[in-house]
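Shown next, in C-alpha cells, is the structure this report addresses.
Taken together, the values in this text are just the output of simple stated rules run on the coordinates, not laboratory data. Quick caveat: nothing in here was measured; it's all calculated off a predicted structure. In this analysis, Cβ positions are derived from the backbone assuming ideal geometry, glycine residues included, and neighbour counts consider all displayed protein chains.
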Amino acid sequence: MLRRAASTYSTSANALGFGLYRLTPRETVAFREKHAPGTIIVRQREKRLYYVNGNGTAIRYAIAVGREGAAWSGVSTVSDKREWPDWTPTPNILAKQPDLPRFVEGGPANPLGARALYLGATMYRIHGTNEPWRIGEEVSSGCIRLTNDDIIDLYNRTRHGATVIVQR
C-alpha cells in the first residue's frame with residue numbers, strides 16, 4: 001500500500017527504494033538529427049521521448065506507449081496544455097473496460113497524471129500517470145505516458161503549437 005501511495009510521485013517512490021524506473025531516468029543526451037528547438041520526437045520502439053534543445057542535444061525521457069494495435073505514428077502539434085486534467089474515458093476504452101468511472105476529476109488518482117499535452121484534434125495525449133511503475137511498457141490506448149515528475153518538466157518546456165513526431 002505504501003508503494004502505491006508513494007508512487008503517485010515518482011521521486012518520492014524512488015527515494016523510498018522502490019526503483020520504479022525500468023529505463024534510465026530523464027537525461028540530456030547528444031542528438032544529431034536536424035529538428036527545430038522545442039520539437040518532441042517519440043520513439044515507441046525505444047520507449048523514449050526526446051525534447052530537442054537545438055544545440056546538438058535533447059532531453060531524453062522514459063515513456064510507456066500504446067499496446068499492440070493501439071500504437072500510432074505521425075506528426076501532430078501541441079494544441080492544448082492542461083495541469084491536473086480531468087479524464088473522460090472514450091467509448092472504445094469503456095467497451096473494453098466497462099467498470100471504469102465515466103469521469104475522473106484531475107488529481108493524484110487520475111490516469112492522466114499531473115499534466116497533459118493534447119495533440120491536434122486527436123484523442124491522443126502525452127501525459128503523466130498514476131501508475132509510474134508501468135513506464136517502459138506497452139500499456140496505453142495510444143497515449144504516451146511519462147512519470148509525473150517528467151511530464152511536469154516536459155510541460156514547462158513545451159509551447160503551444162510545438163511539433164510532435166511519433167515514430168514506431
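In the condition set (1) closer than 19 Å to I40 by Cα; (2) among the aliphatic types (A, V, I, L, M); (3) without any contact (Cβ under 8 Å) to a residue 60 or more places away in the chain, V65 is compliant with all but (3).
Scanning segment 126-168 for residues that are crowded, with 19+ Cβ neighbours inside 10 Å, touching a helix residue (DSSP H, G or I) at 6+ places or on another chain (Cβ under 6 Å) and assigned to a loop (DSSP other than H, G, I, E, B) returns G128, T147.
Tell me yes or no: at least one residue of segment 135-153 is free of Cβ contacts under 8 Å to residues at least 40 places away in the same chain and either more than 15 Å from the chain's Cα centre (by Cα) or under 28 Å from E27 (Cβ atoms) (or both). Looking through segment 135-153, at least one residue is free of Cβ contacts under 8 Å to residues at least 40 places away in the same chain and either more than 15 Å from the chain's Cα centre (by Cα) or under 28 Å from E27 (Cβ atoms) (or both).
Counting only residues that are out of contact with any helix residue (DSSP H, G or I) (no Cβ under 7 Å at 6 or more places or on another chain) and assigned to a strand (DSSP E or B), which one in segment 103-125 is nearest to E83 (Cα to Cα)? So, considering only residues that are out of contact with any helix residue (DSSP H, G or I) (no Cβ under 7 Å at 6 or more places or on another chain) and assigned to a strand (DSSP E or B), the one nearest to E83 (Cα to Cα) is A116. Scanning segment 44-91 for residues that are under 18 Å from R115 (Cβ atoms) and part of a loop (DSSP other than H, G, I, E, B) yields I63, W84, P85, D86, T88.
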